[in-house]
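Reviewing the structure listed below.
The values are calculated or read from the model by the stated rules, or taken from the named source; none is laboratory data. Nothing here was measured: the structure is a model prediction, and the numbers come from that model. Here the Cβ positions follow ideal geometry from the backbone for every residue, glycine too, while neighbour counts run over all protein chains shown.
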Amino acid sequence: MGSGRTQRLFSYEVHGHRGGRPILIRGGRVVDPSQGLDAVADVLVVGEQIAAVGVGLAAPAGAEVVDASGLVVTPGLIDVHVHLRDPGFPEKETLETGAAAAVRGGFTTVCCMPNTNPALDTPERIADVVERAAGLPVRIYPIGAISIGRAGTEPADWAGMAAAGAIGFSDDGDSTRSSAVMRQALAWSADSGLPIMVHAEDWTLAPSGVMHEGDVSRELDLPGIPAAAEEIITGRDIELARLTGGWLHVLHVSTAHALDMVRAAKRDGLRVTAEVMPHHLLLSYEWVAGRRRFVWEDTVVSGPCPDPNAKVNPPLRPEADARALLDGVTDGTFDIIATDHAPHAASDKPADLRRAASGMIGLEVALPLLLRLVEAGRLPLITVIDRLSTAPARLFGLPGGSLRPGGVADLTVFDPAAEWVVSPETIASKSKNTPLVGMTLRGAVRMTMIAGEVRYRG
């Protein structure tokens, strides 16, 4: 990766239709896990499809030629776990601003969680999101609620929502309180083939917790959330998956023991999949105390103490957990990487962590964060792209994830060496809640293409 081009990005541009003009992306490092490909090559796009991948491809008459020397060309990134806050919270995010953030971050497809107001718990509400998202510059697929109102006590209409366009079901933001409802959902999943995507947290162990329970929470005199809160519900839902044969997808795993439970479930042949977030791989709970140091790195940068933008759920954990989670990526226990993009207005993040909302934005910083692990030699780039694109496309049956000729032309082009400063001016999301503000990241998206149309140029 190395050093090289330096650019501070202060604007972004979202593009509409290209009118079918062929485009030849020439001389980039093409990384396509679906083909085991990592080599300098050209990519030719004609219409909505990848027409060819190879060396020295000729440009068709009238084609746009993009010089991708020094850039990386990959299948479009896919995020199956974002919060777009629409309907109900326009001060945080909307479908439109979330779409702008997604393409700015290199994402061609995102799946939005149902903790909106009202919750996405009926076929009509799912259909509304599908209809309003149709004209936006990114593919958006809704995830329906497991329970009515996400209250965790009464099953929602899963079949109706699936028919309206829901690609999975979750009560994310909370665990489904009733084990009986969770059992029903997983039994239905066994027949439908759609995932039940669970937020694992025992609500009785963390009613007022604001960060990981441990040395830092005691130092700051803040109520903590024990790792056991996540692990108890992870264990419950794995056993219900064993009982029913349903597809359990464990969201945002953050502890080493929860990862071990997922690993054991996979060894037992259960249909259990799991995801990890960039912030749980690279940030520890020290960030809440204003000690900003990336896992695997030595430099500490001072920040606010406590930092409300470092309050997430599940919380940032000790560095030992982050190191164990990385092992879960390298050994394949984690099927995918997602962002848990969780925008909040500035008023939702007061300095008093007891009153601050949980969550941080992730769509625009995910790729640069993961590139730190590539630069440090901790992850191969092809593994990062697999977990961010090829694997989620395959697992959830979504478009893209491959640059094979004949496939849909969803792709991302980024400069791994370009540096930029995280600031309100460089973030397209309506919300700016990230503990990375003021820090310099390396890795900038230069083009996001969906179905042959350039939706973003940076």
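Points worth noting:
- Remark: V312 falls outside the filter, which requires a residue to be in contact with a strand residue (DSSP E or B) (Cβ under 7 Å, 6 or more places away or on another chain) and surrounded by 24 or more Cβ atoms within 10 Å (Cβ to Cβ).
- Of all residues in region 318-333 being assigned to a loop (DSSP other than H, G, I, E, B) and either small (G, A, S) or in contact with a Lys or Arg (Cβ under 7 Å, 6 or more places away or on another chain) (or both), the one that is farthest from G224 (Cα to Cα): G332
- Taking every residue in region 135-146 that is assigned by TED's automatic domain parsing to the domain that holds G168 and pairing it with any residue that is surrounded by fewer than 23 Cβ atoms within 10 Å (Cβ to Cβ) and of a type in the set (V, I, T), at least 6 positions away or on another chain, the pairs with Cβ-Cβ distances below 6 Å are P137/V14; Y141/I167.
- Residue among H280, H249 that is touching a Ser or Thr at 6+ places or on another chain (Cβ under 6 Å), in the same structural domain as A356 (by TED's automatic domain parsing) and either among the basic types (K, R) or not in a helix (DSSP H, G or I) (or both): H249
- Scanning region 41-80 for residues that are surrounded by 14 or more Cβ atoms within 10 Å (Cβ to Cβ) and either without any contact (Cβ under 8 Å) to a residue 12 or more places away in the chain or of a type in the set (S, T, N, Q) (or both) turns up Q49, T74.
- Which numbered condition P350 fails, given (1) surrounded by fewer than 21 Cβ atoms within 10 Å (Cβ to Cβ); (2) in a helix (DSSP H, G or I): (2)
- Odd one out for L441, checked against (1) part of a strand (DSSP E or B); (2) closer than 30 Å to P22 by Cβ; (3) out of contact with any Leu (no Cβ under 6 Å at 6 or more places or on another chain): (2)
- Between G362, G458, G443, the distinction of being crowded, with 20+ Cβ neighbours inside 10 Å and at pLDDT below 95 belongs to G458 only.
- When the residues of region 214-230 are filtered to those that are among the acidic types (D, E) and surrounded by fewer than 22 Cβ atoms within 10 Å (Cβ to Cβ), the one that is nearest to the chain's Cα centre (by Cα) is D215.
- Test: E201 is in contact with an Asp or Glu (Cβ under 8 Å, 6 or more places away or on another chain) and not in a helix (DSSP H, G or I): yes
- Entry remark, region 182-209: residues being farther than 13 Å from A229 by Cβ and either within 23 Å of the chain's Cα centre (by Cα) or touching a residue at least 12 places away in the same chain (Cβ under 8 Å) (or both) number 16 in total.
- Yes/no for T234 being in contact (Cβ under 8 Å) with a residue 60 or more places away in the chain and of a type in the set (V, I, T): no
- Checked against the criterion of being within 19 Å of M197 (Cβ to Cβ), crowded, with 22+ Cβ neighbours inside 10 Å and not assigned by TED's automatic domain parsing to the domain that holds L194, region 398-406 has at least one qualifying residue.
- Qualifying position, being under 20 Å from V210 (Cα atoms) and at pLDDT 95 or above, among G328, G269, G303: G303
- Residue in region 81-93 that is buried (at least 19 other Cβ atoms within 10 Å of the Cβ), part of a strand (DSSP E or B), of a type outside the set (A, V, I, L, M) and at pLDDT 95 or above present: yes
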